[in-house]
Amino acid sequence: MCGIVGYTGEDDITTALGRGLEKLEYRGYDSAGVALAESGGLRVIRSVGRVAKLEEKLRGVVTDARCGIGHTRWATHGSPTEINCHPHLSFGRRFAVVHNGVIENCRKLRELCEDRGISPVSDTDSELIAHLLELFFDGDVISAVRRTAEMLEGSFAVAALHAGEPDVIYAFRRSSPLIIGVSPGRCGVASDGCAAEGDTLLLGDGQYARISPAGARVWENGKRVSPGRISGFAVGSHGTAGYAHYMMKEIAEQPGAAARTIESLSRRRLSGSLAFIGCGSSYNAALSVLPLAEHSARRGASAFTAGEFLLTEKLSGRGRTAVAISQSGETADTVAAAREAAARGWSLLAVANVPRSSLTRVCRRCALTQAGPEISVATTKGFTSQVAALAAMLARGALRDEVRRLPAAIEKALAAEADAETAAELFAPDKAAFFIGRRADVGAALEGALKLREITYIPAIGLAAGELKHGSIALIEEGTPVVLVHTDPALKDKTLLTAATVKARGGRVIAVTHDDEVAAAADLALRIPDVPHLISPAVSVVPMQLLAYHAALRLARDIDKPRNLAKSVTVE
Ligand code: F6R
C-alpha cells in the first residue's frame, strides 16, 4: 500500500523521483506527490491521479534541489484529494514527510497537536508525523526523529526532509519496510526493493537513518548500527519486455517461476497437522492444496483467511503448523495472523515471494517462491508459484515426479490463449458469471473468479460446484457464462450433470479440462494437459487468467492497475 521514494545526488531530482514513483505505482495510485529541498525552503508538488499526471506537472518545474522525497498513495485516512496527498509539511514548513502504514494512535496525536495550537489541514494520520518532528526539533533532527518514532503506535515507514539540510533524507520505520540504496555520490530510499538503486540495505525495525550523497548512517536506540545488506532479487528487473501489460508478461513467466520454485524446494517436506493462512489469491492457493495436504498427511488440514484466523477462538497450535502464504510478505492481516499463531504456540512456516519481508521476519522457517518481482496488481505467477511450492513440499511418492512436470504443463496450458480470447466474448459487465469446480478445482475456480472480478469489474462468483443448486443457480439465465473446472476423473459424472444443469437453464458452459467428454459437453473448452487432480490448480488456473486478461482488454480496463486496488494490502 503506497510507495515511498527519496533521492539525494547529482541526477535531475524530478527525473530521479519520477523514475522511482513509476516503479512503485503498482502499490497505490490514487494520488502522488514530491517534496523538493530547495535552497529557499521545502517545496511540495502534488496531484490527484496517476504518477503520469504528477510527472506532467513536474515537467516545467525549475528547481535548484538535488534532494527530494516522493509518494504514490492508496488512500486509507482521508479520500484521495490533493490536501490528503503526501508529502505533508509541518506547521512551520521545516519538515516534509511521506509515510506508509497506519498510525493507530492518530486521534491522540491530533489532539496533542491541537493542544499546541497546530491545526492539521488534512484528514491523514501521516501529516501528524511532520508536525511531531517540528515540535520535537531542538536543533538535532536525529533526536526529533527518535522522539517522534517513540510517539507513534502502529506501523510506519517514513522518509522526511528537513529544510535546514538540503541534501539529506531522514528515514525511520516500524513494521513497514524501507530500503536504502547507496551508490557512489548518490543515495536513495524506497519502500520496495524494486525502486532502490545501487547497493541495497534494509533499515531494520525501529532503526532510523540519515542519508546524504556520501552514504547512510543508521541508529537504533541512540546507538550507531550497521543495517542488513539485501541480495539482488528484490531489486529485480522492470519493464514489460514487449508485452502490452505486466499481467501478460507475468502470465508468460509462470513456467520459469514454477520451475525455479519447485527446484529450490525439492528437498523440503511439509507434514503433520496443518493450517494454511492467506488472503485473496494466497487464500485460494491454500484452498487449492487442501486436498493434497489431506491426502499426503492422511489427516485433516484447514485453510483460513488471515482476517478470520485472527477472530477464531484461541485455537491451540500445540503440535500443529500454521503455513502463512503471501506473495508480498507484507499483507497486514497475514503478518498479524502469523504473529497470533506464534503466540498460540503454532509452529510457523512462511511461503512468501519476497525475502526479508515482514512475514519472513515473523516466521522462523520460510519457503520462498521464486517468481521474481510481480508488478501487475492482479497476481498470476505469484499464485502458481505458491501452489507449486506447496505441492513440492506436500507431494509424496509418484506425485513428486508429477510436480516436477508442472512447469511443462503450465507452458502447454498457455496455448489456450486463443480459445480464452474467444471465450472472453461471452462475458459482459452487466451479466453475472460463475466459476465452479470440485475438490482441488474449487481453489482454482475461486481464483479464476477473483481474476475476472478484479480486472474487469464483472460480478464473478466462485463456488464449489455442488453449491450451485443451493441458491446461486437462481442467477443463471440465457447466456450466463459458467466456467466449469474439471480435472478429477473420479468426478466426471458429477461434472457432466452440472454442465447439463447449467445448459438446461440457458447458461453457457466453458470447460477448463483435459477430458474430451467434458469438453464435448461444454459450449466452449479451454484445454489443459492432463495432470493429477491434486496438483492441477497450478495448471487449470492459467486459461482463466488468460480469459480474465482478454475480457479486461475487450472492456478497455486498466489491467495492471484495477480501480480501488493496490498490490500489497499493508493495512488490516
Ligand atoms: C489478487 C491479489 C490479492 C492478493 C492478496 C494477498 O490478484 O493479488 O488478492 O493475493 O492481497 O496478497 P499477498 O499474497 O501479497 O499476501
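The values are calculated or read from the model by the stated rules, or taken from the named source; none is laboratory data. None of these values were measured; they are calculated from a predicted model. FYI the Cβ positions are ideal-geometry reconstructions off the backbone, even for glycines, and counts take in every protein chain you see. Ligands, DNA and RNA are stripped out before the accessible areas are found, and what is left, the full protein with its side chains, is counted by its heavy atoms. Shrake-Rupley method; radii C 1.70, N 1.55, O 1.52, S 1.80 Å.
Quick notes on this structure:
- Sorting K561, K249, K494, K57 by accessible area puts them as K494, K57, K561, K249; the probe is 1.4 Å, largest comes first, and only protein heavy atoms count.
- The 3J(HN,Hα) values that the Karplus relation (6.51, -1.76, 1.60; θ = phi - 60°) gives for region 24-37 are, in residue order, 9, 4, 4, 7, x, 8, 9, 6, 8, x, 9, 10, 10, 8 Hz. Gly and Pro appear as x.
- Between 0 and 90°, nearest 10: helix 254-264 axis offset from the chain longest Cα axis: 80
- Computed with a 1.4 Å probe over protein heavy atoms only, the accessible surface of the chain comes to 37 Å² per residue.
- Close amide H pairs (under 5 Å, H built 1.01 Å from N) link V351 with A324, I325, S326, A367, residues at least 5 positions away or on another chain.
- Rg of the Cα atoms in region 368-453, relative to 2.2 N^0.38 Å, amounts to 1.25.
- Surface share of carbon and sulfur [accessible, 1.4 angstrom probe, percent] for region 75-216: 46
- Of the whole protein surface, L565 contributes about 50 Å² of accessible area at a 1.4 Å probe radius.
- Measuring between alpha carbons in the structure, the pairs from K57/K561; K223/K567; K381/K412; K249/K469; K381/K561; K469/K567 lying more than 26 angstrom apart are K223/K567; K249/K469; K469/K567.
- For the chain, adding -39500 (n - 2.57) for each run of n ≥ 4 DSSP H residues and dividing by the number of residues yields -10500 deg cm²/dmol at 222 nm.
- Relative intensity, log₁₀ I(q)/I(0), of region 525-572 from a Debye sum that treats every alpha carbon as a point, q = 0.25, 0.27 Å⁻¹: -0.91, -0.96
- For the Cα trace of region 120-250, dividing Rg by the Kirkwood Rh returns an Rg/Rh value of 1.03.
- Dipole axis of region 310-451 (+1 Lys, Arg; -1 Asp, Glu on Cβ), positive-most option in A338, L426, S385: A338
- Cα-based radius of gyration of region 286-386 once divided by 2.2 N^0.38 Å, which approximates compact folds: 1.05
- Exposure ranking of E153, E165 by accessible area [1.4 Å probe, largest first]: E153, E165
- Close amide-amide hydrogen proximity is noted between E38 and R43, each under 5 Å apart and 5 or more residues distant or on a separate chain (H modeled in the peptide plane; Pro and chain starts excluded).
- In Å², nearest 10: area of K108 left accessible to a 1.4 Å probe: 130
- Dimensions (Å) - region 14-127, Cα atoms, principal axes, largest first: 40, 33, 17
- Along region 528-534 the Karplus relation, 6.51 cos²θ - 1.76 cosθ + 1.60 evaluated at θ = phi - 60°, assigns HN-Hα couplings of 10, x, 7, 10, x, 3, 5 Hz to successive residues, with x for each Gly and Pro.
- Distance histogram in 5 Å bins (all Cα pairs of region 335-386, percent per bin): 4, 22, 26, 20, 17, 8, 3, 0
- Whole-percent carbon and sulfur share, accessible surface of region 433-531, 1.4 Å: 53
- Taking the Kirkwood radius as Rh and the Cα radius of gyration as Rg, region 439-572 has a ratio of Rg/Rh equal to 0.98.
- Here's how it looks for C279: its modeled amide H is under 5 Å from those of A306, which are all 5 or more places away or on a different chain.
- For q = 0.16, 0.18 Å⁻¹, Debye-computed log10 I/I(0) when each Cα of region 364-515 counts as one equal scatterer: -0.98, -1.19
- The GluC sites (Glu not before Pro) of region 459-498 that meet both conditions, a loop assignment by DSSP and at most 11 other Cβ atoms within 10 Å of the site Cβ, are E477, E478.
- Across the chain, the fraction of Cα-Cα pairs farther apart than 44 Å, rounded to a whole number, is 21%.
- Diffusion coefficient, µm² s⁻¹, Stokes-Einstein with Kirkwood Rh over alpha-carbon pairs of region 266-320 at 25 °C and 0.890 mPa s: 206
- Against the chain, whose longest principal axis is taken from its Cα atoms, helix 126-136 shows a tilt of about 30°.
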